[in-house]
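First up is the structure itself, then whatever we jot down about it.
The values are calculated or read from the model by the stated rules, or taken from the named source; none is laboratory data. It should be emphasised that the depicted structure is a prediction, and the values quoted were computed from it without experimental measurement. Note that we place each Cβ from the backbone using ideal geometry, even for glycine, and neighbour counts take in every protein chain shown. Ligands, DNA and RNA are excluded from the accessible area calculation, which covers all protein heavy atoms including side chains. Shrake-Rupley method; radii C 1.70, N 1.55, O 1.52, S 1.80 Å.
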Amino acid sequence: GCNKNCSYCVVPFTRGPERSRSSASVMEEAARISAGGIADITLLGQTVNSYRDPSAAGWSFARLLSAIGEMDGVRRVRFTTSHPQDFTRDIVEAIESNERLCDWIHLPVQSGSSRLLAGMRRTYSRDQYLRVIEMIKAANRQIALSTDIIVGFPGETQQDFEETLSLLQEVE
């Protein structure tokens, strides 16, 4: 196995393999807390949008997001943190179709340099990230974006840094 100290390698070993709760258990918890007066719900996961319902229902993340947004007593639904590789159009469609789903997406890029992203063992390139951003910006509803950026990653050159700056300018 890999002996590099990066989150791609470290997380599965420190936290165990990624696993998703059943849609029914998430819906039951959301119903319980909204009945108790909690109106804002945040779905949280290391890569929350890679959610895969392990039950026979087989819900996607977008379906789960939509269902929680339709519950009585729920006023706002957020989610964090998304992964560019698993960000799909149906998530944008869910946000577009339900005002209770917050018009904000946190989508870490880490670097604007594909070379550096590969060195970080990220599973996406600059171009792939920008395609996801284009999909989000094309939504019928304006969606705010936030991100994470790593500066000073081992081996980062001035050119890599400039590519990160240009990505930020392009995305706005």
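General observations
- Computed [θ] at 222 nm, helices only, for the chain once each DSSP H run of length n ≥ 4 contributes -39500 (n - 2.57): -12500 deg cm²/dmol
- Phi angles across the range 105-120 convert, under the Karplus curve 6.51 cos²θ - 1.76 cosθ + 1.60 with θ = phi - 60°, into 3J(HN,Hα) values of 9, 9, 10, x, 9, 6, 7, x, 9, 4, 4, 5, 4, 5, x, 7 Hz, Gly and Pro given as x.
- Solvent-accessible area of the range 38-172 (1.4 angstrom probe, protein heavy atoms only): carbon and sulfur portion equals 49 percent.
- Average accessible area per residue (Å²) across the range 110-172 - probe 1.4 Å, nucleic acids and ligands excluded: 57 Å²
- Angle in degrees between helix 23-35 and the longest Cα principal axis of the chain, rounded to the nearest 10: 70 degrees
- Helix 126-137 vs. the chain, principal-axis angle (Cα, 0 to 90°, nearest 10): 40 degrees
- Volume in Å³ per residue [convex hull over Cα atoms, computed for the chain]: 124 Å³
- Highest average packing first - 141-148, 104-111, Cβ atoms within 10 Å: 104-111, 141-148
- Rounded if a/c under 1.5, otherwise prolate or oblate - the range 91-169, Cα gyration tensor axes: prolate
- Alpha-carbon geometry of the range 83-130: the Rg and the Dmax are 13.1, 39 Å, given in that order.
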